[in-house]
Amino acid sequence: MTRLDGWKVLNAGRGSDLVLAVDFATTGRSDSSFSDLVPLLDPRLTVWETRQPDTGAGMSAADYVELWAREAESSGRTVRAVLGYCAGAVFAGELAARLADRPGQDPRLVVFDPETPDPAGLDRDFAAMMDQFASVLSADEVAAARQAATAARAGAPDFAAFGDALVAIFREQAGAAFRREGLDEDLLGEFAAVFRSFVSYLDAARQIDPTGAWRTAVAVNSRQHTEGALLAARSVDLPVDHVDLLRSRLTADAVGEAVGSLASP
C-alpha cells in the first residue's frame, strides 16, 4: 500500500470497505481513543485514523479536509462510514459530505460527543494536559498555570491568541520543572509542539459550520451530553463517562448498529 501522509492504519482489515475516524489522538491523554474502540469492532473492517500535520500552522479547515479526502479517494475503496470524536466530529461531517459527492460513495456519519471548539473547552484541555505532568510539576506550579490560563482567556482577542498564550504558559511552567528535574528540554519542545498543533486543529475546525452534516448523523453520547448531540438525526445515549466512551463495548455495539454490516465478504 502507498504510504499515507494523512492517515494511520488502525486495522488493515480484509474487505474493500473503508472506515475513516477523525480525532486528534495523543499519547498519554486521559480520554479513550479510536485505538481503544477498533479492537472491539468487526476485525474485517479496514479502519484509518487521521494523522495530524507536524504543526498545522496556517492550515485552514479546507486544507485538513483536502489532505484527508485526497488519500481516501485515491485508495479506490468504498468509504462506508466516517466517525468523528468531539471536535473531530466537525471535520468528520465535512469529510463525509466531500466523499459523498463522488459516485458510489455514500458514507454514514457517526459522531461521538460532538462539539464545536470554544475557549472553555480549550481551557479544559489545557488543564488536562497540565495534569499529565503532575509527577514533574508541583501543586503550586499547576495552580499557577491554571491561574495564568484564566487570565489569558479573559484577555485574549480570539481563540488562536488564547491558544498561543496557553503554549507560552506551558513552556514557562513546565520548562522550570524540567530544568529543576534535569529533564531533556527537547522533550518539552516536543510536547509544546503537539499542543500548538492541537490548537491549530481546533482553530481550523471553528471555520466549519457542522449543523447540516450533523443533522444526518447518528450521535453516540456519553453521560456528559454535548449541545452538538441535539442536532443529530438519531442519538444513542450510553451510561458511560466521556473519557471512557471509545473504550466501551456499549459504544462498539452502537457503532455496529448505526453503520450496519460494513465488511465485504
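When VAL243, VAL167 are screened for being open to solvent by 20 Å² or more (accessible area, probe 1.4 Å), under 20 Å from the mean Cα position of the chain (by Cα) and either in contact (Cβ under 8 Å) with a residue 60 or more places away in the chain or within 25 Å of ALA134 (Cα to Cα) (or both), only VAL243 passes. The set of residues from the stretch 90-116 being at pLDDT below 95 and within 15 Å of the chain's Cα centre (by Cα) is empty.
In summary, ARG80 fulfils each of the numbered conditions (1) open to solvent by 70 Å² or more (accessible area, probe 1.4 Å); (2) part of a loop (DSSP other than H, G, I, E, B) with the single exception of condition (2).
Give the number of residues within the stretch 190-217 that are open to solvent by 20 Å² or more (accessible area, probe 1.4 Å) and either more than 29 Å from ALA165 (Cα to Cα) or among the aromatic types (Phe, Trp, Tyr) (or both). Looking only at that region, the number is 7. What single numbered condition from (1) open to solvent by 50 Å² or more (accessible area, probe 1.4 Å); (2) under 18 Å from THR251 (Cβ atoms); (3) touching a residue at least 40 places away in the same chain (Cβ under 8 Å) fails to hold for GLU94? In the conditions (1) open to solvent by 50 Å² or more (accessible area, probe 1.4 Å); (2) under 18 Å from THR251 (Cβ atoms); (3) touching a residue at least 40 places away in the same chain (Cβ under 8 Å), GLU94 misses (2) alone.
Going through (1) open to solvent by 70 Å² or more (accessible area, probe 1.4 Å); (2) not in a loop (DSSP other than H, G, I, E, B) one by one, ALA72 falls short only on (1).
Can you work out which of the residues in the stretch 14-26 that are assigned to a loop (DSSP other than H, G, I, E, B) and under 22 Å from the mean Cα position of the chain (by Cα) is modelled with the lowest pLDDT? Step by step, filter the stretch 14-26, then rank; the result is THR26. The residue list GLY121, GLY175 contains one member that is out of contact with any Phe, Trp or Tyr (no Cβ under 8 Å at 6 or more places or on another chain), open to solvent by less than 50 Å² (accessible area, probe 1.4 Å), in a helix (DSSP H, G or I) and under 30 Å from ALA81 (Cβ atoms), which is GLY121. Of the residues making up the stretch 3-38, those that are in contact (Cβ under 8 Å) with a residue 40 or more places away in the chain and open to solvent by 70 Å² or more (accessible area, probe 1.4 Å) are ASP5, ARG14, SER30.
Regarding ARG180, is this residue farther than 15 Å from PHE198 by Cβ, touching an Asp or Glu at 6+ places or on another chain (Cβ under 9 Å) and open to solvent by 30 Å² or more (accessible area, probe 1.4 Å)?
Details: farther than 15 Å from PHE198 by Cβ: yes; touching an Asp or Glu at 6+ places or on another chain (Cβ under 9 Å): no; open to solvent by 30 Å² or more (accessible area, probe 1.4 Å): yes.
The answer is no for ARG180.
Within the stretch 39-64, the set of residues being among the hydrophobic types (A, V, I, L, M, F, W, C) and surrounded by fewer than 22 Cβ atoms within 10 Å (Cβ to Cβ) comprises LEU40, ALA57, MET59, ALA61, ALA62.
The values are calculated or read from the model by the stated rules, or taken from the named source; none is laboratory data. Here the structure is a predicted model, which is why all the values come from computation and not from measurement. Because the Cβ atoms are built from the backbone with ideal geometry, glycine has one as well, and the counts that use them run over all protein chains shown. Ligands, DNA and RNA are excluded from the accessible area calculation, which covers all protein heavy atoms including side chains. Shrake-Rupley method; radii C 1.70, N 1.55, O 1.52, S 1.80 Å.
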